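Before any comments, here is the structure.
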Amino acid sequence: MYYYELIPFGGRLYNTYTFKSNNPLAVGQRVIVNLRNKLTSALVYKQSEEIPNVKIKEIEFILDEKPLIDANHIKFIEKTAEDLLIPISEIVKMMFPSTSNDLFRIRIVPLNPMVGFDKPIFLNDYFRKFKNKSEARKKLKNLIDSNLVELESYTKKQRTNKKSVYIGLNKNLDGVPNISKTADKLINYLRINGVVSLEEIYSKNIIKKSSSTIDTLFKHKVIVEKNLKNTKTISNTVDLTDEQEKAVENIKKFKDKPHLLYGVTGSGKTEVFFDIAQPLLERGKKVLILVPEISLTPQMFTRIKKRFASYKVITYHSNLKPKERLNNWYDLVNGEMDVLIGTRSSIWMPIKDLEMIIIDEQHDDSFYQDEQVIYDTMRVSEIRKEIEDLNLVFASATPRLNELIKAKNGDYYLQKLEKRYLTKMPDVEVIDMKKEKKVSWLFSKKTLVNIKEILDQQNKVIIFTPTRGHSNYVLCTDCGHVFKCDDCDVSLTYHKSEEKLECHYCGKDYQIPQKCEKCGGYNLQTRGYGTERVVNEMVKFFPSTEVLRVDRTVINSFDDLKKTFKRFYDKGPKIIVGTKMITKGLDISDLKLVVIMDSDRYSYFPDYRSYETTASLIMQVAGRAGRKGSGKVLIQTFNPEDEIFHAIKNHDYNLIAKKEFAKREKYGYPPFSNLILIMLKDKDKNKLEQKAQIIKNEFKNLNININGPIDPLIKKIKGEYRKQLIIKQKDISKKDLLTIQKKYDNDMKLFLNPPTTFL
Ligand SMILES: Nc1ncnc2c1ncn2[C@@H]1O[C@H](COP(=O)(O)OP(=O)(O)OP(=O)(O)O)[C@@H](O)[C@H]1O
Ligand SMILES: [Zn+2]
């Protein structure tokens, strides 16, 4: 007998489980075990050093003939579990495709007519036939042991049968008569993408599988089969500017630390990625590119394909169909791809021969996962870099201060791009809404005149409007003053039912002010409006112009977003009104004006990073303007004197960083101290309070300085009350945190340095 430590897939388990097997197994193989009377898949983690003195169950079935991951991946599981306080079972779950699929896809293949069935059947169907599951298992085990049946992983079978056929254009179409519309579509696709697999053509719906077009085109030798190995080509290379060249050289040369590629919007960061990736890809190594949102994957895909036409680029995100996801997973684990583009969860993918990770738009909050399993992608990538000796690049025009400080301290290399390619940065004008003549209470006259001018020139306008948040702030419309906490430098939140203002950082309460504490005026208002209102006004002012709206209310799916984005790129005058969803990645050549509404709402959001995120957000939206030729940005605000606008006008993110660093250091926030937020929930208000006290005491007993419990911004969600505990401490023992987290795993959620306390 052989004894192994296994990690089950999922179930928030912090420990391994010992099982035995008749046959020797290899670390990294997947097996199926009976855990708490349920068939569960699990990963062979290591051979048991000592055999515990209890009854040990036998492994039921072996899923993989050979392990699919290696020793580095095992180390990665250990390190991330320890560093990010994640249950190991959740880590393996993120690394492998859905296990319910695996169970579902296992088939029992009869090898002998005695068995009673003559065609393969799925494991689940077999079990369904029995009332007594453990008897069913015993019987199946006997059948396997006596070689009457064997198990087969259906997915594996599918894959080995699948031989990818790649096609490309053979010649131009002179002399080939009567090209159908579908053929035309395919030919165009091949023109742009070079050599492509048939699967890609079917999965992208370029042509239906049932169509005879491909056969016809083969017959006329318009398309030919290409051998991928011999046809790797690179096209559309660009001549890098000096600063781009320097960044490329440095990143290629130094691999011992991560690089922060800090380049203004439109400075060609993507071109830099391609030049660093090229030599790796030519050596058969793999590159992982992370983007903050699914909506950015198609754009990145198209750009990479333009340059590396014959390389295999795959994507991995939650919007893929289960089958496509599974196929892509097998491709990456077997090294049958070159570039993987994915959202944050791709950081867990056990890619074979991975040599570089690029995290694009790294400032984006979506890189911090705050539900189910909580992790910061940047931290995970650092751990991965160490273990696998990878080249790691973080890129942004407005880097997160957490990483910027490391670049300044020399923990990372800093690569700067300070100029846009061929054009200059857009002109930024700050509009003082206190003084400026208004057309409605939303718009200044100047804003409308500018919009009209751009539309008359047949160009496009983006009107960025913050999300309809839950936060209200109190504003003096005489002087623009916003009420803030004495101790925390964050704005106070208006609580209507309790008739008070509250600071969500220290929990301090304030009375509702009758007048402005700064100018003495009585015109205090709570503020807030959303995209819908802006759209209505625009339609009123410009009845003949197309107005598009982008926010969570109107965009419900990836397809909606793709369709809307596509309309942005159609030539002609348009007004696009949207929330944060429109701030990323757009590269529209006739977009000449960006209007930023209600910019004060973000800056006074009661959050420790609100200054940083506001600056970053505005600079990113502003960066969409005038990427080809000239562009303009108008910012409407009641606080034009705020230093933030001075920095934005000069495209000077460093100024923001400098000011923020000083503040964070003073108040003890990341990156100068750890911020740990513990969220508790309960339907019963009193129980919640008790729970909070018990957990608070646990931390206190370990000499951890803990504050709270305080009410989070949203006190009740889905019928459950919420409370927060907050720890701000420079050095903190992960071991201590883990002890408490394990003990109260069902009761609390622990966020390590979250990008926001608005959780
Ligand atoms: N050296 C170059 N030669 C030719 N074109 C270039 C060069 N550098 C950049 N460009 C072009 O300039 C535009 C902006 O570049 P890119 O999209 O790579 O910038 P970015 O820094 O990634 O932008 P953002 O951060 O705003 O998304 C692109 O159309 C790109 O192809
Ligand atoms: Zn406070």
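The values are calculated or read from the model by the stated rules, or taken from the named source; none is laboratory data. Values in this document were obtained by computation on a predicted structure and should not be read as measured data. Ideal geometry is used to build each Cβ from the backbone, glycine not excepted, and the neighbour counts take in all protein chains shown. Calculation scope for accessible area: heavy atoms of the full protein, side chains included, ligands and nucleic acids excluded. Shrake-Rupley method; radii C 1.70, N 1.55, O 1.52, S 1.80 Å.
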Next item on the list: Please enumerate the residues belonging to segment 530-556 that are farther than 17 Å from Thr447 by Cβ and free of Cβ contacts under 8 Å to residues at least 60 places away in the same chain.
Entry: Glu532, Pro543, Ser544, Glu546, Leu548, Arg549, Val550, Thr553, Val554, Ile555, Asn556
Check: Can you name the condition, by its number, that Glu225 falls short on among (1) surrounded by fewer than 17 Cβ atoms within 10 Å (Cβ to Cβ); (2) not assigned by TED's automatic domain parsing to the domain that holds Glu199?
Finding: (2)
Notebook entry, point to check: Can you spot a residue in segment 582-598 that is without any contact (Cβ under 8 Å) to a residue 40 or more places away in the chain, of a type outside the set (Phe, Trp, Tyr), more than 16 Å from ligand 2 (Cβ to nearest atom) and not in a loop (DSSP other than H, G, I, E, B)?
Noted result: no
Item checked: Qualifying positions in segment 360-378 - within 30 Å of Lys742 (Cβ to Cβ) and modelled with pLDDT of 95 or more -> Phe367, Tyr368, Gln369, Val373, Ile374, Tyr375, Asp376, Thr377, Met378
Item checked: Residue selected from segment 603-621 under the condition modelled with pLDDT under 90 and among the small types (Gly, Ala, Ser), by the criterion farthest from Ser396 (Cα to Cα) -> Ser603
Item checked: segment 298-320 residues that are more than 23 Å from Pro279 (Cα to Cα) and assigned by TED's automatic domain parsing to the domain that holds Val287, paired with ones that are of a type in the set (Val, Ile, Thr) and open to solvent by 10 Å² or more (accessible area, probe 1.4 Å) (beta carbon under 8 Å, 6 or more apart) -> Tyr316/Thr343; His317/Ile294; His317/Thr343; Ser318/Ile294; Ser318/Thr343; Asn319/Ile294
Note to self: Here is a list: Asn101, Asn72. Which entry is at pLDDT 95 or above and either out of contact with any helix residue (DSSP H, G or I) (no Cβ under 7 Å at 6 or more places or on another chain) or not in a loop (DSSP other than H, G, I, E, B) (or both)?
What the structure shows: Asn72
Note to self: I'm trying to understand the selection: among the residues of segment 328-337, which are assigned to a loop (DSSP other than H, G, I, E, B) and either over 21 Å from Leu392 (Cα atoms) or open to solvent by 10 Å² or more (accessible area, probe 1.4 Å) (or both)?
What the structure shows: Asn334, Gly335, Glu336
Check: How many residues, within segment 359-386, are assigned to a helix (DSSP H, G or I) and either within 14 Å of Lys584 (Cα to Cα) or under 10 Å from the mean Cα position of the chain (by Cα) (or both)?
Finding: 4
Margin query: Going by what's in this entry, would Lys55 be described as open to solvent by 30 Å² or more (accessible area, probe 1.4 Å), free of Cβ contacts under 8 Å to residues at least 60 places away in the same chain, outside any helix (DSSP H, G or I) and under 25 Å from Leu143 (Cα atoms)?
Written below: yes
Check: Out of curiosity, is Arg283 within 16 Å of ligand 1 (Cβ to nearest atom), within 21 Å of Ile341 (Cα to Cα) and not assigned by TED's automatic domain parsing to the domain that holds Ile618?
Finding: no
Notebook entry, point to check: From Leu634, Leu655, which residue is of a type outside the set (Lys, Arg), in a strand (DSSP E or B) and more than 30 Å from Glu371 (Cβ to Cβ)?
Noted result: Leu634
Next item on the list: Please determine, by comparing only the residues of segment 266-278 that are modelled with pLDDT of 90 or more and outside any helix (DSSP H, G or I), which one is least open to solvent (accessible area, probe 1.4 Å).
Entry: Ser267
Item checked: Residues satisfying the stated conditions in segment 279-303, i.e. open to solvent by less than 10 Å² (accessible area, probe 1.4 Å), within 19 Å of the chain's Cα centre (by Cα) and hydrophobic (A, V, I, L, M, F, W, C) -> Val287, Leu288, Ile289, Leu290, Val291
Note to self: Looking at Leu35, Leu25, can you tell me which residue is more than 27 Å from Tyr744 (Cα to Cα) and crowded, with 16+ Cβ neighbours inside 10 Å?
What the structure shows: Leu25
Check: Would you pick out the residues in segment 561-579 that are buried (at least 20 other Cβ atoms within 10 Å of the Cβ) and of a type in the set (Lys, Arg)?
Finding: Lys574
Notebook entry, point to check: So Arg325 clears everything in (1) within 16 Å of ligand 1 (Cβ to nearest atom); (2) in a helix (DSSP H, G or I) except one condition, right? Which one?
Noted result: (1)
Next item on the list: Go through segment 474-513 and give me each residue that's within 15 Å of ligand 2 (Cβ to nearest atom), modelled with pLDDT of 70 or more and in a loop (DSSP other than H, G, I, E, B).
Entry: Phe483, Cys485, Asp486, Asp487, Leu492, Cys503, Gly507, Lys508
Note to self: Looking at Ile463 and the list (1) assigned to a strand (DSSP E or B); (2) among the β-branched types (Val, Ile, Thr); (3) free of Cβ contacts under 8 Å to residues at least 60 places away in the same chain, which single condition is not satisfied?
What the structure shows: (3)
